[in-house]
Amino acid sequence: GQRNVFAETDYQINIDASSARLTLETPSGLRFLSILPREATFAVLRSKFINRIDGDTKLILKETEGELSYQVFGNKVINFFDIYEYGVPISAYVSASTGEILSIEGPSWLKVINFLFV
């Protein structure tokens, strides 16, 4: 965990104290972890795909299609005419090696709403 941002994984984590490097033993081999959980949440918030993440955030660190990534859960809060806010659950996948947003999962109708109200 890192300042109330935690990542869960099924992979064994190795810490090299001399170089301060973290590696994970994944099905495709030993993978270097250069992006920490808190950095992954910042990347998602900067992208504005998600604009609200709960205080004690739990991410899932896993390998999908050969890419080690964090699954970040949050909400895209939509403000309707400064009268009503509606939070839509979204999850984003962030590369654990580059911090790049790999994909976003949410309802398909959200694209239309974003276009109309943002």
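The values are calculated or read from the model by the stated rules, or taken from the named source; none is laboratory data. Source: prediction; values computed, not measured. Neighbour counts run over all protein chains shown; Cβ positions are idealised from the backbone, glycine included. For accessibility, only protein heavy atoms count, side chains too; no ligands or nucleic acids. Shrake-Rupley method; radii C 1.70, N 1.55, O 1.52, S 1.80 Å.
Please list, in chain and number order, the residues 5+ apart from T26 or on another chain whose amide H is under 5 Å from its amide H, with Hs placed from the backbone.
HN-HN under 5 Å from T26: R31.
If you plug each phi of the stretch 50-56 into the Karplus form 6.51 cos²θ - 1.76 cosθ + 1.60 with θ = phi - 60°, what whole-Hz ³J(HN,Hα) values come out, in order, with x for Gly and Pro?
My calculation for the stretch 50-56 gives 10, 10, 8, 10, 4, x, 8 Hz in order.
May I ask you to give the percent of accessible area on the chain that is carbon plus sulfur, with a probe radius of 1.4 Å?
The C+S portion of the solvent-accessible surface of the chain is 53 percent.
What is the dipole size for the chain, taken about its Cα centre, with +1 at each Lys and Arg Cβ and -1 at each Asp and Glu Cβ, in debye to the nearest 20?
300
Once amide H atoms are placed 1.01 Å from N in the peptide plane, what residues at a sequence separation of 5 or more from K76, or on another chain, have their amide H within under 5 Å of its amide H?
Those qualifying (amide H under 5 Å, at least 5 residues apart or on another chain) are N51, V88, I90.
Give the longest segment of the chain that steers clear of GluC sites (Glu not before Pro) in DSSP loops with at most 15 neighbouring Cβ atoms within 10 Å, not counting the sites themselves.
So the longest stretch without any such site is 1-64.
Per 10 Å bin from zero, what fraction in whole % of the C-alpha pairs of the chain is there, up to the bin with the longest pair?
For the chain, the binned pair fractions read 13, 42, 28, 12, 5, 0 percent.
Take Y11, Y70, Y86 and sort them by solvent-accessible surface of the protein heavy atoms, 1.4 Å probe, largest at the top. The partial results should precede the final answer.
Working: Y11 50, Y70 0, Y86 95 Å².
In descending accessible area the options line up as Y86, Y11, Y70.
Within the stretch 11-118, list the trypsin sites (Lys or Arg not before Pro) lying in a DSSP loop whose Cβ has at most 15 other Cβ atoms in a 10 Å radius. Before the final figure, lay out the partial values.
Working: sites: R21, R31, R38, R46, K48, R52, K58, K62, K76, K111; in loops: K48.
Listed in order of number, the matching sites are K48.
Could you report the accessible area of T23 in Å², rounded to 10, computed with a 1.4 Å probe on the protein chains as they sit in the structure?
30
Please list the non-local residues whose amide H lies under 5 Å from the amide H of L102, H modeled 1.01 Å from N, same-chain partners needing a gap of 5 or more.
Y93, V94, S95
Using the heavy atoms of the protein chains and a 1.4 angstrom probe, tell me the accessible area per residue for the chain in square angstrom.
Accessible surface, normalised per residue, equals 64 Å².
For the stretch 5-16, what does the Karplus curve 6.51 cos²θ - 1.76 cosθ + 1.60, with θ = phi - 60°, yield as ³J(HN,Hα) per residue in whole Hz, taken in order and with x for Gly and Pro?
Each residue's phi maps through the Karplus curve to give 10, 10, 10, 9, 8, 8, 8, 6, 9, 10, 10, 9 Hz.
With axes computed from alpha carbons, what is the tilt in degrees of helix 37-47 against the longest principal axis of the chain, rounded to the nearest 10 within 0 to 90?
The answer is roughly 30 degrees.
Return a whole-number percent for the relative contact order of the chain, with Cα pairs under 8 Å and 6 or more residues apart as the contact set.
Computed over the chain, the figure is 22 percent.
Counting only protein chains, not ligands or nucleic acids, how are S103, S18 ordered by accessible area (probe 1.4 Å), most first?
Ranked from most to least accessible, the order is S18, S103.
How do V77, V94 rank by accessible surface area computed with a 1.4 Å probe, from largest to smallest?
Reading off the accessible areas and sorting them downward yields V77, V94.
To the nearest 10 Å², what's D10's accessible area with a 1.4 Å probe?
My reading of the accessible area for D10 is about 150 Å².
Working out 0.36 nm times the residue gap between E25 and D10, then minus their Cα-Cα distance, what length gain in nm do you get to one decimal?
On the way: separation 15, 0.36 × 15 = 5.40 nm, distance 0.94 nm.
Gain in length upon complete extension: 4.5 nm.
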